[in-house]
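Just so it is clear, none of the values below were taken in a lab; they were calculated from the coordinates. Predicted model only: the values in this text are computed from it and were never measured. Neighbour counts are summed over all protein chains in view; Cβ atoms, including those assigned to glycine, are modelled from backbone coordinates with ideal geometry.
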Amino acid sequence: MHVGAFMFRDVFFPLRIPLIFGSPAINPVDFLTDVPDIPKRWLFDNKQTGLAFFDQVIDLMDFAYGLDDLEKTGQLPDKTVEWWYLAKQQLEAAAATVLGSFNKYAVIQNCCISTELLLKGCLLAKGIDEKTLANKKQGYGHNLENLVDKAAHHLPALDRETLIFVAQQFPDYVESRYEAKNFSRSDLGKFLMNAQFISGEVLRQFSDRNFRSDFTATPNASLDLIYRTFPKKQDNAS
């Protein structure tokens, strides 16, 4: 269904969202495939790291299952669904890169492109044509913050403040194509997990899948599954 990645310290773990039939019990820990038991234990020994993991699982489930549902219903423009599947390819390429490549800098482009496709897919679904979406003078183009703002105008339930914060964490899209930057493994992991958060938040606005709402409907102090960004927003609860 989808392969993402989760960063623990500066190590990347594969995060596989499976194809599920029926209504079986789901244990998100099982999504950490090919990860030895000891690193898993270290990950969940730290409560905040464990909660961040579950938070990422929720976002990727909302994205992957929501996209599959929307493709089947045919309720959205074909081009919107196409762009979101292209965003999925970019996210999976980023995950594959951090999980297996020595040169991980392609992750930056993958994350910026996936975010742009996700946001422009929103706007396309709301009637903004492709020519307008390419127009920088009208506030579109490659500016991710502008795209968030435009999308939030059409989607009042979209978490605009958090998405703006996340968009600000990405390097400049154009500059990153032509200038070598000295980003750490940790930086690259944050870019990817922020992009994975965006994927879930966008698809939640259009599909009936909302695992985040399901998990947070009943307040539970031990399962504080609020939005987690990388770095964390100061006004978010711990």
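Measuring from a point 7 Å past the Cα of E82 along Cα-to-C-beta, which residues in the stretch 104-146 have an amide N at less than 20 Å?
113-135, 141-142
Please sort through the DSSP H helices of the chain and keep those with an alpha-carbon extent of at least 18 Å along the long axis and a Kyte-Doolittle average not below -1.0.
Within the chain the helices that satisfy the rule are 47-73, 78-100, 106-125, 185-204.
Tell me the mean residue ellipticity at 222 nm calculated for the chain from its helices only (DSSP H runs of n ≥ 4, each -39500 (n - 2.57), averaged over every residue, nearest 500).
Only helices count here, giving -18000 deg cm²/dmol.
Taking 2.2 N^0.38 Å as the expected size of a compact globular protein, what ratio does the Cα radius of gyration of the chain give against it, to two decimals? Before the final figure, lay out the partial values.
Numbers: Rg = 17.2 Å, N = 238, 2.2 N^0.38 = 17.6 Å.
In units of the 2.2 N^0.38 Å rule of thumb, it is 0.97.
Can you give the extra length, in nm with one decimal, that the chain gains between Q138 and H153 once fully stretched, where that is 0.36 nm per residue apart less the Cα-Cα distance?
Contour length minus Cα-Cα distance gives 4.0 nm.
Can you give the Rg to Rh ratio of the stretch 1-101, both from alpha-carbon atoms, with Rh computed by the Kirkwood formula?
Working: Rg = 14.9 Å, Rh = 14.8 Å.
With Rg and the Kirkwood Rh in hand, the quotient comes to 1.01.
Between K72 and V29, 0.36 nm times their residue separation minus their Cα-Cα distance comes to what? Working shown, then result.
Numbers: separation 43, 0.36 × 43 = 15.48 nm, distance 2.83 nm.
So the extension gain works out to 12.7 nm.
At each listed q (0.18, 0.27, 0.30 Å⁻¹), what is the log10 of I(q)/I(0) that the Debye formula gives for the stretch 53-108 modelled as equal alpha-carbon point scatterers?
-0.71, -1.05, -1.12
For the stretch 27-75, state what percent of all Cα-Cα pairs lands in each successive 5 Å bin, counting from 0 Å until the bin that includes the largest distance.
5, 18, 22, 20, 12, 10, 7, 5, 2, 0
Evaluate the relative contact order of the chain (contact order divided by residue number), counting alpha-carbon pairs under 8 angstrom at least 6 apart; express in whole percent.
26
Let me know the Rg and Dmax you get for the stretch 83-181 when you use only its Cα atoms, in Å.
Calculated on Cα positions, Rg and Dmax stand at 13.8, 41 Å.
Give me the lysines in straight-line cross-link reach of K136: C-alpha distance below 19 Å, same-chain residues under 8 apart excluded.
K120, K126, K150
Rank R185, R212, R41 by mean-square fluctuation in a GNM of the chain with C-alpha springs under 10 angstrom and give only the top-ranked residue.
Looking only at R185, R212, R41, the largest GNM fluctuation is found for R41.
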